[in-house]
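Below: one structure, written as structure tokens.
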Amino acid sequence: MDRAVRFIILSLVLTVSQINCQEAILHVSDGKTERDYCIVYNSSWTPLPESLDTAVSYPLVNLASTMLCNGSGISPDVVKGKALVVMRGGCDFSQKAVIAESLGATTLLVASNKSLITPTANDSFAKVHIPLALMRYRDIVEIQQVFGEGMQVKLYAPPQLKIDPSIAVILLISVVTVALGGFWSGACERERLNSCAVGRGGGESKAESGELSLYSPLKVVIFVLLMCGMLVLMYFFYNILVYVIIAIFCLASASALFSCLDAVMEIIGCGTVSFSVRNWNFSVRSLILAAVCVTIAVIWGVYRNEDRWIWILQDLLGIAFCLNFIKTISLSNFKICVILLSLLLVYDVFFVFITPFFTKNGVSIMVQVALGPDASGEKTQGNMVEVPAEPQAPSEKLPVVMRVPRFSAWAQNLCGMQFSILGYGDIIVPGLLVAYCSRFDVWINSCKKIYFVSCCIAYLLGMIVTFVVMLLTGMGQPALLYLVPFTLITSAVVAGCRKEMKQFWAGTTYEVREPERIQRICPETTPELS
């Protein structure tokens with residue numbers, strides 16, 4: 001069951017993405033009451049001021065009863081020098097804007113009952129010299145009810161930083177998680193070897209300590225093929241399987257959080273008080289921690305679609321899940337590391353870059369699964385954005401990414417929360433190599449932890465390159481495309497320079513041979529497993 005849970009989660013966590021938007025703010029005031037509303041515009045031909053103080057105030061005229069496909073029936077005196085609201089439909093935006101400008105309007109707002117999509121610029125807009133933006137029809141109805149007559153409006157678009165601070169937070173989370181997971185794995189290996197040295201029953205096997213080891217190249221290949229199959233199933237049966245994954249994540253993350261907190265309590269020396277009930281022994285500390293972890297997982301499960309704050313719990317559970325995964329799953333040697341990471345790199349690139357050529361909507365299977373079928377930000381590529389005109393039931397998304405709100409876009413969050421995200425797989429997969437390097441440092445008794453530190457630095461550099469490429473291209477990147485070469489090459493170079501490649505490639509002094517089912521836990525012991 002434990003293997004199945006880890007397999008299902010890992011098979012869905014290999015993507016990174018970011019959404020670029022062209023949203024702005026409509027500020028409405030009557031001298032007493034002020035409110036802000038979401039509008040969508042095209043920055044290439046509709047420049048807007050960057051702040052409320054620099055924006056010009058205009059009276060608002062609500063003519064949402066007309067589509068303004070011709071100027072008949074509208075007196076220029078009514079709209080001259082004012083911001084004009086008309087209804088979407090009947091003709092192109094450019095035709096509405098030309099007519100509005102000819103009537104003397106200073107700004108055109110097009111109310112829509114459909115999704116607000118960034119207007120496409122074309123040659124017809126060369127004749128337009130006034131700002132044009134789309135707004136929700138329900139917003140203009142609310143404005144009319146709240147403000148009535150005599151309202152003033154301002155349009156402005158707060159700038160979004162090219163390098164949003166949320167990227168730094170994502171970078172910090174990923175690097176710290178990988179480093180802690182690798183360190184934890186090394187500490188467990190040192191404890192196991194110490195147990196062997198003092199002869200505590202001949203040592204503790206991987207199975208007995210709850211650790212799982214990938215040691216066979218064939219098993220690694222089968223594992224990756226199963227991940228491919230799982231991803232394809234999620235693509236075709238997303239609406240059903242998403243709830244299965246959410247339930248599994250709640251269970252797995254609660255268990256992982258318990259393991260992490262229990263380890264912290266053990267380090268700080270928090271004592272345990274035990275009691276017995278009908279020959280069953282219970283630890284007070286474990287019961288309290290279990291209650292806390294289950295409560296956090298349940299809260300996330302219930303409020304998982306509350307974007308404003310639930311991302312904090314998702315990231316907390318995600319960090320615990322990744323830490324526990326890196327600590328628990330061990331790669332037996334560098335050969336297995338190379339095979340696994342290389343196959344997952346091909347897997348990541350194929351499902352991100354190649355599958356769009358085979359899907360009906362041109363969206364990659366990886367992105368579609370990671371962000372959900374309603375991931376409109378990815379369907380409208382580049383600088384396009386789509387904002388629902390009416391409130392919609394939140395679409396279910398897989399809990400397989402770290403999410404941090406874009407701090408420079410708080411103002412634009414009127415249109416919807418914007419996040420920088422990183423897939424769990426971009427932490428776990430390189431983290432398994434970092435964990436192997438940490439354990440190898442223990443095996444060779446490296447006081448400076450040269451392999452562990454070098455691999456962590458390589459991971460940091462790989463992440464930086466990933467974000468740089470993402471910012472330069474304006475598109476989400478498969479992070480493993482950069483992380484795998486950085487970490488694998490760095491580890492190999494360190495081993496080569498230290499003339500330890502043979503030992504680093506072969507791995508630890510114990511090995512598992514499935515036909516005989518023999519595991520040498522310590523050099524001096526070779527217990528046979530039943």
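A few notes on this one:
- Region 170-226, subset at pLDDT below 90 and among the polar types (S, T, N, Q), residue nearest to S259 (Cα to Cα): S209
Residue-by-condition table, conditions (1) over 20 Å from the mean Cα position of the chain (by Cα); (2) under 30 Å from G507 (Cα atoms); (3) not assigned by TED's automatic domain parsing to the domain that holds V369:
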{"residue": "F236", "(1), (2), (3)": "yes, no, no"}
{"residue": "S259", "(1), (2), (3)": "yes, yes, no"}
{"residue": "V264", "(1), (2), (3)": "yes, yes, no"}
{"residue": "T295", "(1), (2), (3)": "yes, no, no"}
{"residue": "G301", "(1), (2), (3)": "no, no, no"}
{"residue": "N333", "(1), (2), (3)": "yes, yes, no"}
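Table: residues versus (1) farther than 27 Å from Q418 by Cβ; (2) at pLDDT 85 or above; (3) not polar (S, T, N, Q).
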{"site": "Y37", "(1), (2), (3)": "no, yes, yes"}
{"site": "W45", "(1), (2), (3)": "no, no, yes"}
{"site": "S51", "(1), (2), (3)": "no, yes, no"}
{"site": "L60", "(1), (2), (3)": "yes, yes, yes"}
{"site": "V85", "(1), (2), (3)": "no, yes, yes"}
{"site": "C91", "(1), (2), (3)": "yes, yes, yes"}
{"site": "S94", "(1), (2), (3)": "yes, no, no"}
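- Options I296, I245, I326, I312; residue that is over 25 Å from V169 (Cα atoms), assigned to a helix (DSSP H, G or I) and aliphatic (A, V, I, L, M): I245
- Tally, over region 432-461, of residues that are without any contact (Cβ under 8 Å) to a residue 40 or more places away in the chain, within 18 Å of I489 (Cβ to Cβ) and surrounded by fewer than 24 Cβ atoms within 10 Å (Cβ to Cβ): 3
- Scan of region 463-483 for residues that are touching a helix residue (DSSP H, G or I) at 6+ places or on another chain (Cβ under 9 Å), in a helix (DSSP H, G or I) and among the hydrophobic types (A, V, I, L, M, F, W, C), ordered by number: M463, I464, V465, F467, V469, M470, L471, L480, L481, L483
- Condition met for M402 (of a type in the set (A, V, I, L, M), closer than 28 Å to C38 by Cα and at pLDDT 90 or above): yes
- Pairs with Cβ under 9 Å, 6+ apart, first in region 80-92 and under 16 Å from T118 (Cα atoms), second of a type in the set (D, E, K, R) and in a loop (DSSP other than H, G, I, E, B): R88/K114; G89/K114
- Evaluated against (1) part of a loop (DSSP other than H, G, I, E, B); (2) modelled with pLDDT under 90; (3) farther than 30 Å from P405 by Cα; (4) touching a Leu at 6+ places or on another chain (Cβ under 9 Å), K162 falls short on exactly one condition, (3).
- Total residues in region 139-158 satisfying the condition of being hydrophobic (A, V, I, L, M, F, W, C) and either part of a helix (DSSP H, G or I) or surrounded by fewer than 20 Cβ atoms within 10 Å (Cβ to Cβ) (or both): the figure is 5.
- Criterion applied to F504, F452, F486 was being in contact with a Leu (Cβ under 7 Å, 6 or more places away or on another chain) and in a helix (DSSP H, G or I), and the one residue passing it is F486.
- Residue match in region 48-65 (condition: crowded, with 17+ Cβ neighbours inside 10 Å and of a type in the set (S, T, N, Q)): yes
- Take the conditions (1) over 40 Å from the mean Cα position of the chain (by Cα); (2) part of a strand (DSSP E or B); G81 misses just one of them, which is (2).
- Those residues of region 441-462 which are in contact with a helix residue (DSSP H, G or I) (Cβ under 8 Å, 6 or more places away or on another chain) and either among the aliphatic types (A, V, I, L, M) or closer than 14 Å to N333 by Cα (or both), in sequence order: D441, V442, W443, I444, I450, Y451, I457, A458, L460, L461
- Residue match in region 420-431 (condition: within 13 Å of F183 (Cα to Cα) and without any contact (Cβ under 8 Å) to a residue 40 or more places away in the chain): no
- Condition check for A290: under 30 Å from V242 (Cα atoms) and buried (at least 18 other Cβ atoms within 10 Å of the Cβ): no
The values are calculated or read from the model by the stated rules, or taken from the named source; none is laboratory data. None of these values were measured; they are calculated from a predicted model. For neighbour counting, all protein chains shown are included, and Cβ atoms are generated from backbone atoms with ideal geometry for every residue, glycine included.
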